[in-house]
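The values are calculated or read from the model by the stated rules, or taken from the named source; none is laboratory data. These numbers were taken from a predicted model, which means no experiment stands behind them. Please note: Cβ atoms are built from the backbone with ideal geometry, for glycine as well, and neighbour counts cover all protein chains shown. These accessible areas exclude ligands, DNA and RNA; they are computed on the full protein's heavy atoms, side chains included. Shrake-Rupley method; radii C 1.70, N 1.55, O 1.52, S 1.80 Å.
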Amino acid sequence: MSHGIYCRQHRHGATWYIRYTVGGREVKEKIGREADGFTKTRAKEALQARLGEIVQGKFRLLEARRSVAFRILVGRYREVAEANHRGYEKTKYTLSQLEREFGATALATLASFRIERWKARRRKEVAPATVNRELTVLKAMLAKAVEWKILDLNPATVINPLPVSNQRLRYLSLEELPVLLDAA
């Protein structure tokens, strides 16, 4: 078989794959699920990019990593955060929330679209400031994954925080009112 793209139907929907040959060995690589925003066009682009890397000699099959599940990264990051973060107690809760959401997801298939979808859904449950704090932890964790060579690119870098309005309406007390009027 030569190189190409193909789609498989699963319970959760369609998943796109690419197939190519490196050094006489056939490689099949999962691109992502349609539910996460991956389309036939994106699969074609991924195949072209991979074939370009092969032609340029940048792709090494031995160096290609097997994708790590998100929950594995959470476990590793938890150890680092416990040892180095002052606010670990708050981070611990956030890590459990993120693990519940993305736990079974392979890091290689975690797309910014999926993170945006989580952010929108989470915004309906909690305040924008809470979503932003959780997003900060997610970005830091994925940055560590890039640093540890578990992930090539951090998909969360393009995600913007939610706008937060921390203004509060304050009324003057009866004692403050005459003081203000005298000063005016």
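Can you name the number of the only condition in (1) of a type outside the set (A, V, I, L, M); (2) open to solvent by 60 Å² or more (accessible area, probe 1.4 Å); (3) assigned to a loop (DSSP other than H, G, I, E, B) that GLU53 fails? Failed condition: (3).
Looking for whichever is crowded, with 18+ Cβ neighbours inside 10 Å, under 30 Å from GLN167 (Cα atoms) and touching a residue at least 24 places away in the same chain (Cβ under 8 Å) here; the options are LEU110, LEU47, LEU73, LEU138. Which one fits? Can you show your working first?
On the way: LEU110 fails: under 30 Å from GLN167 (Cα atoms); LEU47 fails: under 30 Å from GLN167 (Cα atoms); LEU73 fails: under 30 Å from GLN167 (Cα atoms).
Going through LEU110, LEU47, LEU73, LEU138 in turn, just one is crowded, with 18+ Cβ neighbours inside 10 Å, under 30 Å from GLN167 (Cα atoms) and touching a residue at least 24 places away in the same chain (Cβ under 8 Å): LEU138.
Which numbered condition trips up VAL27, out of (1) more than 23 Å from the chain's Cα centre (by Cα); (2) in contact (Cβ under 8 Å) with a residue 12 or more places away in the chain; (3) not in a strand (DSSP E or B)? Status for VAL27: all satisfied but (3).
Against the numbered list (1) surrounded by 15 or more Cβ atoms within 10 Å (Cβ to Cβ); (2) in a helix (DSSP H, G or I); (3) among the small types (Gly, Ala, Ser), ALA156 comes up short only at (2).
Take TYR20 and decide whether it is open to solvent by less than 30 Å² (accessible area, probe 1.4 Å) and out of contact with any Pro (no Cβ under 6 Å at 6 or more places or on another chain).
Working: open to solvent by less than 30 Å² (accessible area, probe 1.4 Å): yes; out of contact with any Pro (no Cβ under 6 Å at 6 or more places or on another chain): yes.
Here the answer is yes, as TYR20 does meet what is asked.
Scanning the stretch 43-76 for residues that are hydrophobic (A, V, I, L, M, F, W, C) and modelled with pLDDT under 85 gives ILE54, VAL55, PHE59, LEU61, LEU62, ALA64, VAL68. If you take the residues in the stretch 159-174 that are more than 26 Å from the chain's Cα centre (by Cα), open to solvent by 80 Å² or more (accessible area, probe 1.4 Å) and not hydrophobic (A, V, I, L, M, F, W, C), which one is farthest from ASN132 (Cα to Cα)? Among them, the one singled out is TYR171.
Listed conditions (1) out of contact with any helix residue (DSSP H, G or I) (no Cβ under 6 Å at 6 or more places or on another chain); (2) surrounded by 12 or more Cβ atoms within 10 Å (Cβ to Cβ) are all met by ARG86, apart from (2). Among the candidates ALA129, ALA120, ALA104, ALA145, the residue that is closer than 28 Å to TYR20 by Cα, in a helix (DSSP H, G or I) and either open to solvent by 40 Å² or more (accessible area, probe 1.4 Å) or not basic (Lys, Arg) (or both) is uniquely ALA145. Residues in the stretch 1-18 that are farther than 17 Å from SER67 by Cβ and touching an Asp or Glu at 6+ places or on another chain (Cβ under 7 Å) were compared, and the one that is modelled with the lowest pLDDT is MET1.
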